[in-house]
């Protein structure tokens with residue numbers, strides 16, 4: 001079978017190669033084998049190839065934080081999936097034609113789900129959902145503020161917040177994004193800048209914003225913190241700037257703003273396997289119903305992984321870059 005390997009860290013399309021490797025073999029009693037039908041190229045995968053991600057396994061290594069597959073073999077102790085089921089996988093190293101994982105790491109998705117959307121269910125939808133649910137007890141009518149609102153997570157957060165009757169202030173870098181975000185259900189769209197706190201107050205009639213979500217770091221974190229109400233919570237889940245958050249201490253000392261962080265694996269680990277399956281079953285049904293989706297730009301075969309990675313690094317794309325290892329899409 002074929003699998004993507006990196007032998008050194010560097011520019012992703014220089015260091016990644018599609019290699020012939022031994023097949024995964026038959027599953028043990030507690031394992032599942034599945035053919036990988038599609039995987040997306042995420043920013044974390046690019047960082048992994050560059051050696052700037054938090055995980056650095058021994059080389060050669062295989063990238064790939066998520067994928068969707070179809071089960072081909074099931075161990076005797078695994079009861080929640082069967083041959084032919086579509087699954088996502090909670091483990092990494094998914095840029096391959098076939099995977100063998102522990103049964104609890106194989107999460108079934110609804111039959112008939114769009115494969116392109118299914119390939120992107122593993123990370124971004126639960127990230128948006130859990131950040132809305134696990135930090136602040138929000139009620140319909142409450143406001144949430146986020147930056148990077150045009151990202152995949154940001155767009156999903158808009159939709160999921162709207163479903164709960166929550167209102168969103170969405171901070172972006174380009175004014176022309178306002179139309180498409182409002183079409184998703186965004187209440188307010190603001191261009192980031194030094195006077196953000198004033199404009200956010202005007203946009204919300206100075207409402208108390210108790211939850212903020214941000215993924216830029218640096219001074220952008222501080223600007224969102226200034227928009228938070230007293231005792232509000234600001235959740236940092238990424239750093240597009242590459243900088244640590246910079247927040248004035250007066251926000252902590254005088255207003256009690258809390259700055260905390262989110263990593264999906266850490267929050268899923270607090271839940272039982274059954275609870276995790278229920279989260280993904282709900283998200284899968286929402287994808288099936290057309291309530292949750294993410295745009296896709298281009299699908300590449302796996303032997304064109306270098307081209308796919310170079311494309312994923314370009315600006316101006318119209319969605320995610322996907323790869324289909326077995327020609328399923």
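The values are calculated or read from the model by the stated rules, or taken from the named source; none is laboratory data. Since the structure is predicted, the reported quantities are computational estimates derived from the model, not experimental observations. Glycine gets a Cβ as well: all are built from the backbone with ideal geometry, and neighbour counts include every protein chain shown.
Numbers for the structure displayed
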read-out: The range 309-329, residues that are assigned to a loop (DSSP other than H, G, I, E, B), surrounded by fewer than 22 Cβ atoms within 10 Å (Cβ to Cβ) and in contact with a strand residue (DSSP E or B) (Cβ under 8 Å, 6 or more places away or on another chain); value: 317, 318, 319, 326, 327, 328, 329
read-out: Residue 247 vs. criteria in the same structural domain as residue 145 (by TED's automatic domain parsing), closer than 26 Å to residue 216 by Cβ and in a strand (DSSP E or B); value: no
read-out: Test: residue 150 is in a loop (DSSP other than H, G, I, E, B) and modelled with pLDDT under 95; value: yes
read-out: Among the residues listed as 242, 238, 284, 265, the single one being part of a helix (DSSP H, G or I), under 20 Å from residue 52 (Cβ atoms) and out of contact with any strand residue (DSSP E or B) (no Cβ under 7 Å at 6 or more places or on another chain); value: 265
read-out: Residue in the range 193-202 that is more than 30 Å from residue 52 (Cβ to Cβ), in contact with a strand residue (DSSP E or B) (Cβ under 6 Å, 6 or more places away or on another chain) and surrounded by 19 or more Cβ atoms within 10 Å (Cβ to Cβ) present; value: yes
read-out: Every residue from the range 131-153 that is in contact with a helix residue (DSSP H, G or I) (Cβ under 8 Å, 6 or more places away or on another chain) and buried (at least 19 other Cβ atoms within 10 Å of the Cβ); value: 131, 132, 144, 145, 146, 147, 148, 149, 150, 152, 153
read-out: The range 249-263, subset over 17 Å from the mean Cα position of the chain (by Cα) and touching a residue at least 24 places away in the same chain (Cβ under 8 Å), residue farthest from residue 124 (Cα to Cα); value: 255
read-out: Subset of the range 30-54 (residues that are over 15 Å from residue 71 (Cβ atoms) and out of contact with any helix residue (DSSP H, G or I) (no Cβ under 7 Å at 6 or more places or on another chain)); value: 39, 40, 42, 43, 44, 45, 47, 48, 51, 52, 54
read-out: Residues located in the range 24-37, provided they are within 15 Å of residue 93 (Cβ to Cβ) and either part of a loop (DSSP other than H, G, I, E, B) or at pLDDT below 95 (or both); value: 24
read-out: Test: residue in the range 107-125 that is assigned to a helix (DSSP H, G or I) and more than 13 Å from residue 284 (Cα to Cα); value: no
read-out: Residues of the range 65-104 classified as outside any strand (DSSP E or B), within 23 Å of residue 281 (Cβ to Cβ) and touching a residue at least 60 places away in the same chain (Cβ under 8 Å), total; value: 4
read-out: All positions within the range 166-181 that are surrounded by fewer than 21 Cβ atoms within 10 Å (Cβ to Cβ) and within 19 Å of the chain's Cα centre (by Cα); value: 181
read-out: Qualifying residue in the range 115-128 (condition: more than 24 Å from residue 47 (Cα to Cα), touching a strand residue (DSSP E or B) at 6+ places or on another chain (Cβ under 8 Å) and in the same structural domain as residue 303 (by TED's automatic domain parsing)); value: yes
read-out: Qualifying residue in the range 155-168 (condition: in a helix (DSSP H, G or I), touching a residue at least 40 places away in the same chain (Cβ under 8 Å), in contact with a strand residue (DSSP E or B) (Cβ under 8 Å, 6 or more places away or on another chain) and not assigned by TED's automatic domain parsing to the domain that holds residue 18); value: yes
read-out: Long-range neighbours under 9 Å by Cβ, at least six apart or interchain, first residue exposed (fewer than 13 other Cβ atoms within 10 Å of the Cβ) within the range 264-281, second assigned to a helix (DSSP H, G or I); value: 275/268
read-out: Qualifying residue in the range 276-293 (condition: touching a helix residue (DSSP H, G or I) at 6+ places or on another chain (Cβ under 6 Å), at pLDDT below 95 and not assigned by TED's automatic domain parsing to the domain that holds residue 222); value: yes
